[in-house]
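First the structure, in the form of structure tokens, and then the observations on it.
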Amino acid sequence: METAVVLVWLSIVVVILSRSHADRNVYPSAGVLFVHVLEREHFKGEFPPYPKAGDSSNDPITFNTNLMGYPDRPGWLRYIQRTSHSDGVLYGSPTAEHVGKATVIEITAYNRRTFETARHNLVINIMSTEEFPLPYQAEFFIKNLNVEEMLASEVLGDFLGAVKNVWQPERLNAINITSALDRGGRVPLPINNLKEGVYVMVGADVQFSSCLREVESPHNQLRCSQEMEPVISCDKKFRAQFSIDWCKINLVDVTKVVTIRSNRPDPGPGVLPDMGEYNPPSEALKSRDYFADFLITLAVPMAVAMVLFTILGYSMCCRREGVVQLMHHSSIQKSTKELRSMSKNREISWPLSTLPVFSQSGEVVPPLHPDNYETTSMPLMQTQTNLQNQIQIPQQQLSGDRDNYCMSTFRRLEASISICFCFRCCRIYSH
């Protein structure tokens, strides 16, 4: 009995179910759900056979659909294919605006094994209907199904049969089907066989039944606000196959809907009108003078830089303070060069910091002074007689008083150089 009822309603409900063929014409009605199945079996014959027997059915095939001459499909038409081993489905609900306009959909099949393609055209001729729009529309949210499962003809027929038993209308049509993901839903976790959920909108020509209006009662509204299941008397007619979220049911009476039209301002030259085409600008473009842009971007910064450079040069070279600083800097450099040249002409020893700690043989080099050496009396600049391992510079030996005079003069000069060197170092560190 139930099978007979389903078959009767499948013959009454205007749902277009077609199979994919090359350059096929289909004639859906406006305001009625349109479903077109892209079968992999049909396209397999256009690809070369698989070299191994019995494996041709496992070819991964995907589909790409678009409006001829455009990169995407029309706004009312959707497409879904879960895996490359399942069939693709085109579905949607055309409106009265598309009546009388032939829509050519290019269907391209890709064989992911051989990378070959096959292309078919689907011509959709949208027809008008007197029943559109049906005045009473109800949208159900089914939690335990995905959109491709709901698009199957037998599943959709069972759901419409259950709605018929609850609503009792004379005409009942499936208007639209939408995945919950398209409404902002989340992808479910891959556990416990969770589904995405699907919204199904149906239309009828009679008032909503009392069972459907039970969700509008204050008691059920309170339970929905507390995230509890409402009490619906006709839920048992759906529960065997469909898990409906009654808190998300939406009942719309088209006859009472007030259309609000806002007066939009006239679009400017850069806004396309409704259903308009893009007209690119002409090739005869007006010439533009970039001299002002050049002055702003290059000439002005260069002029400011030249002014700053001139002020800096004047303050450093022409004013007394700048000249004094340059002379001071020059005297420091000159004194440094003199000290370095004089240090090369005297007997010096290597600084303690440059002496190696370990010799090449791995033995520890003994320190210059023993541990009990008194370092407080050590002079700042050690003389040649105080240090070991010093480098001797051969000097010309003189005789008599002249030798004593030269040695004393050399020692006074050495002391003067040491004092001057320390004084210069202190000035440099202080600066």
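The values are calculated or read from the model by the stated rules, or taken from the named source; none is laboratory data. Only a predicted model underlies this, so the values are computations on that prediction, with no experimental measurement involved. Using ideal geometry, Cβ is built from the backbone for each residue, glycine included, and neighbour counts are taken over all protein chains shown. Each accessible area value is taken on the protein alone, full model and side chains, heavy atoms only, with ligands, DNA and RNA left out. Shrake-Rupley method; radii C 1.70, N 1.55, O 1.52, S 1.80 Å.
Quick notes on this structure:
- Rounded to the nearest whole Hz, the Karplus-based 3J(HN,Hα) values (6.51 cos²θ - 1.76 cosθ + 1.60, θ = phi - 60°) of region 141-154 follow the sequence 10, 9, 8, 9, 9, 8, 5, 5, 6, 6, 6, 4, 4, 5, with x at glycine and proline.
- Solvent exposure of Arg40, expressed as accessible area, is near 20 Å², computed with a probe of 1.4 Å over the protein chains only.
- With every protein chain in place and a 1.4 angstrom probe, the accessible-area ranking of Met302, Met228, largest first, reads Met302, Met228.
- Listed residues Tyr110, Tyr199 arranged by accessible area, highest first, probe 1.4 Å: Tyr110, Tyr199
- Model label sites at Glu321 and Val206, defined 7 Å from Cα along the beta-carbon direction, differ in position by 10.2 nm.
- Here's the list of lysines a cross-link from Lys143 could span, going by alpha-carbon distance under 23 Å and ignoring same-chain residues fewer than 8 apart: Lys164, Lys195, Lys236, Lys237, Lys248.
- Residue-level accessible surface for Trp246, protein heavy atoms, 1.4 Å, Å²: 10
- Per-residue SASA remark: Tyr290, around 130 Å² accessible (1.4 Å probe; ligands, DNA and RNA not included).
- Accessible area of region 137-219 belonging to carbon and sulfur atoms, whole % at 1.4 Å probe: 49
- Cα-Cα pairs of region 32-132 separated by more than 23 Å (percent): 34
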